[in-house]
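Comments concern the structure below.
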């Protein structure tokens with residue numbers, strides 16, 4: 001089944017994982033899921049021109065650090081998309097995860113594009129079609145770019161599942177356009 005997803009490698013200057021880890025002040029915040037408050041099973045940081053709220057968690061507007069801005073421009077060239085915000089995720093090990101969801105909050109408009117850029121250890125990224133149940137899997141490693149074009153968030157959910165095997169840490173930058 002066609003997913004409207006493009007996958008490629010965004011080659012950059014090297015050692016980006018360590019640089020991002022040094023400059024992004026990742027936070028371990030709580031979210032509300034099904035009425036209960038839990039720590040997110042990963043560390044996060046939001047950069048963008050407007051506040052971003054999901055699962056009862058609100059991030060205030062924050063300017064991009066220069067390295068993240070440089071990566072945003074590269075992602076725009078590689079995808080042809082336009083992005084003004086990014087949710088940064090640090091998956092410390094295989095226990096850190098994100099469950100099935102779509103990036104379909106009203107803040108991103110009715111048909112958003114999402115560019116997912118990974119650094120560090122490889123992890124399997126999964127998609128599941130909301131109607132047919134068809135599944136897609138991608139092993140995303142250092143410098144891999146997965147572009148979910150228009151229509152993907154409407155028709156598919158995605159996740160990064162928990163794994164039992166030891167895996168190195170991973171930083172994932174999910175670029176989007178947040179309405180202003």
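Counting only residues that are in contact with a strand residue (DSSP E or B) (Cβ under 7 Å, 6 or more places away or on another chain) and farther than 21 Å from residue 22 by Cβ, how many does region 68-110 have? The number of residues fulfilling the criteria is 16.
Looking only at region 89-99, decide whether some residue is in a strand (DSSP E or B) and under 18 Å from residue 4 (Cβ atoms).
Step one: filter region 89-99 for residues in a strand (DSSP E or B), giving 89-91, 98-99.
Okay, now just the ones that are also under 18 Å from residue 4 (Cβ atoms), so none.
No, because not a single residue in region 89-99 is in a strand (DSSP E or B) and under 18 Å from residue 4 (Cβ atoms).
Hey, can you tell me all the residues within region 62-107 that are under 12 Å from residue 178 (Cβ atoms) and surrounded by 19 or more Cβ atoms within 10 Å (Cβ to Cβ)?
The first filter runs over region 62-107 and keeps only residues under 12 Å from residue 178 (Cβ atoms), leaving 62, 82-87, 103, 105-107.
Once the filter is applied, which keeps residues that are under 12 Å from residue 178 (Cβ atoms) and surrounded by 19 or more Cβ atoms within 10 Å (Cβ to Cβ), region 62-107 yields 83, 85, 86, 87, 103, 107.
Any idea which residue in region 29-53 is nearest to the chain's Cα centre (by Cα), counting only those that are under 16 Å from residue 178 (Cα atoms) and surrounded by fewer than 16 Cβ atoms within 10 Å (Cβ to Cβ)? Talk me through it step by step, then tell me what you get.
Keep residues of region 29-53 that are under 16 Å from residue 178 (Cα atoms), which gives 45-53.
Cutting the leftovers down to surrounded by fewer than 16 Cβ atoms within 10 Å (Cβ to Cβ) gives us 49-51, 53.
Details: 49: 17, 50: 17, 51: 17, 53: 15 Å.
Going through the qualifying residues, I end up with 53.
Name the single residue, out of those in region 3-22 being surrounded by fewer than 13 Cβ atoms within 10 Å (Cβ to Cβ) and under 16 Å from residue 91 (Cα atoms), that is modelled with the lowest pLDDT. By that ranking, first place goes to 18. Total residues in region 108-145 satisfying the condition of being surrounded by 17 or more Cβ atoms within 10 Å (Cβ to Cβ) and within 24 Å of residue 80 (Cβ to Cβ): the figure is 17.
Contact annotation: no residue pair with Cβ atoms under 6 Å, 6 or more positions apart or on different chains, pairs a residue in region 16-36 that is free of Cβ contacts under 8 Å to residues at least 24 places away in the same chain and at negative phi with a partner that is loosely packed, with under 12 Cβ neighbours inside 10 Å and assigned to a loop (DSSP other than H, G, I, E, B).
Can you give me the number of residues within region 146-177 that are part of a strand (DSSP E or B), buried (at least 18 other Cβ atoms within 10 Å of the Cβ) and either without any contact (Cβ under 8 Å) to a residue 24 or more places away in the chain or out of contact with any helix residue (DSSP H, G or I) (no Cβ under 6 Å at 6 or more places or on another chain) (or both)?
Residues of region 146-177 part of a strand (DSSP E or B): 146-148, 156-160, 170-176.
Filter once more, so that each one left must be buried (at least 18 other Cβ atoms within 10 Å of the Cβ): 146-148, 156, 158, 160, 170-176.
Adding the requirement that they be either without any contact (Cβ under 8 Å) to a residue 24 or more places away in the chain or out of contact with any helix residue (DSSP H, G or I) (no Cβ under 6 Å at 6 or more places or on another chain) (or both) leaves 146, 148, 156, 158, 160, 170, 172-174.
Total satisfying the criteria: 9.
Screening the candidates 63, 113 for the property of being in contact with a strand residue (DSSP E or B) (Cβ under 8 Å, 6 or more places away or on another chain), under 17 Å from residue 153 (Cα atoms) and modelled with pLDDT of 95 or more yields one hit, 113. Go through region 131-145 and give me each residue that's assigned to a loop (DSSP other than H, G, I, E, B) and touching a strand residue (DSSP E or B) at 6+ places or on another chain (Cβ under 8 Å). Listed by number, the residues that qualify are 134, 141, 142, 143.
For region 107-130, indicate whether the set of residues that are in a loop (DSSP other than H, G, I, E, B), within 18 Å of residue 54 (Cα to Cα) and within 15 Å of the chain's Cα centre (by Cα) is non-empty. Scanning region 107-130 turns up at least one residue that is in a loop (DSSP other than H, G, I, E, B), within 18 Å of residue 54 (Cα to Cα) and within 15 Å of the chain's Cα centre (by Cα).
The values are calculated or read from the model by the stated rules, or taken from the named source; none is laboratory data. Owing to the predicted nature of the structure, the values given are computational and were not obtained by experimental measurement. Methodologically, a virtual Cβ is constructed for each residue, glycine included, from the backbone with ideal geometry; neighbour enumeration extends over all protein chains shown.
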